[in-house]
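The values are calculated or read from the model by the stated rules, or taken from the named source; none is laboratory data. Small disclaimer: the values here were computed from a predicted structure and weren't measured. Cβ atoms come from the backbone with ideal geometry, glycine included; neighbour counts cover every protein chain shown. SASA here: full protein model, heavy atoms, side chains in, ligands and nucleic acids out. Shrake-Rupley method; radii C 1.70, N 1.55, O 1.52, S 1.80 Å.
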Amino acid sequence: MAKLYLVPTPIGNLGDMTFRAVEVLKSVNVILAEDTRVSGILLKHYQIDTPMQSYHQHNEHSMTESVVKQIKRGRETAIITDAGTPGISDPGFLLSRACAEEGVEIQCLPGATAFVPALVNSGLPNDKFVFEGFLPAKKGRQKRLKALSSEDRTMIFYESPYKILKTLQQFTEHFGSDREVSISREISKIYEETLHGTLEEMIAHFDIKKPKGEFVIVLAGSGVKV
């Protein structure tokens, strides 16, 4: 039986691609890609001519069963997303779960994911942490924040430049304006930046400077003093 490979791709600098990832993508029969246009740039850079097939949040429910059947028939398959590790706030979980249920072997290659460098750069405790990814857009958002208000581990969130200011303002309501936070953006890209301070200070910063890029927010847990 063939395997499913979960292959991390660079979150910024194309040089972050591993040798093994390139080898796997060249060896499989098909690459499932979140956006074939984005992935096409990466594959061209590494001279990978393996056929691609679109697999994203809008079609993964309808496609997963057929993909698993193809793998069981011998079709070596890799899944990649636009950036980072499949399944981490990106498509990949449904297919991994389906493969596990059907006894299909899964190999996840080590590689890029945005929250790890952001956490390590934060200066906040990283021996124990909670990865929240993107908070619910509307329904359940306030309930989730309330549940996290007593969390004593470091918390990690993803956020877009369009919502980060509002998110930080909501954080002050649930965690207090003096809660320590580290905010990283554009990790491994030209304009990579990490800011440290309190929630109040970060809100003041983005009130003046328009947010740009994708953000990772690393928030201190309850009772943590830095």
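Observations on the structure shown:
- Across the range 28-51, the qualifying residues are those that are buried (at least 20 other Cβ atoms within 10 Å of the Cβ) and over 18 Å from residue 13 (Cα atoms), and the one among them that is farthest from the chain's Cα centre (by Cα) is 28.
This table checks each residue for (1) surrounded by 15 or more Cβ atoms within 10 Å (Cβ to Cβ); (2) of a type in the set (A, V, I, L, M); (3) touching a residue at least 60 places away in the same chain (Cβ under 8 Å); (4) on the phi < 0 side of the Ramachandran plot.
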position: 55; (1), (2), (3), (4): yes, no, no, yes
position: 76; (1), (2), (3), (4): yes, no, yes, yes
position: 83; (1), (2), (3), (4): yes, yes, yes, yes
position: 88; (1), (2), (3), (4): yes, yes, no, yes
position: 98; (1), (2), (3), (4): yes, yes, no, yes
position: 105; (1), (2), (3), (4): no, no, yes, yes
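- Selection status of residue 11, within 29 Å of residue 192 (Cβ to Cβ), in a strand (DSSP E or B), under 18 Å from the mean Cα position of the chain (by Cα) and touching a residue at least 12 places away in the same chain (Cβ under 8 Å): no
- Unique residue being open to solvent by 80 Å² or more (accessible area, probe 1.4 Å), touching a strand residue (DSSP E or B) at 6+ places or on another chain (Cβ under 7 Å) and not hydroxyl-bearing (Ser, Thr, Tyr) when the list is 134, 115: 134
- Screening the candidates 160, 149 for the property of being more than 15 Å from the chain's Cα centre (by Cα) and either at pLDDT 95 or above or at negative phi (or both) yields one hit, 149.
- Filtered residue count, the range 121-131, keeping only those that are exposed (fewer than 13 other Cβ atoms within 10 Å of the Cβ) and part of a helix (DSSP H, G or I): 0
- Total residues in the range 57-69 satisfying the condition of being of a type outside the set (Asp, Glu) and either surrounded by fewer than 16 Cβ atoms within 10 Å (Cβ to Cβ) or part of a loop (DSSP other than H, G, I, E, B) (or both): the figure is 7.
- Checking each residue in the range 177-226 for being open to solvent by 20 Å² or more (accessible area, probe 1.4 Å), touching a helix residue (DSSP H, G or I) at 6+ places or on another chain (Cβ under 9 Å), in a loop (DSSP other than H, G, I, E, B) and closer than 23 Å to residue 150 by Cβ picks out 177, 178, 179, 222.
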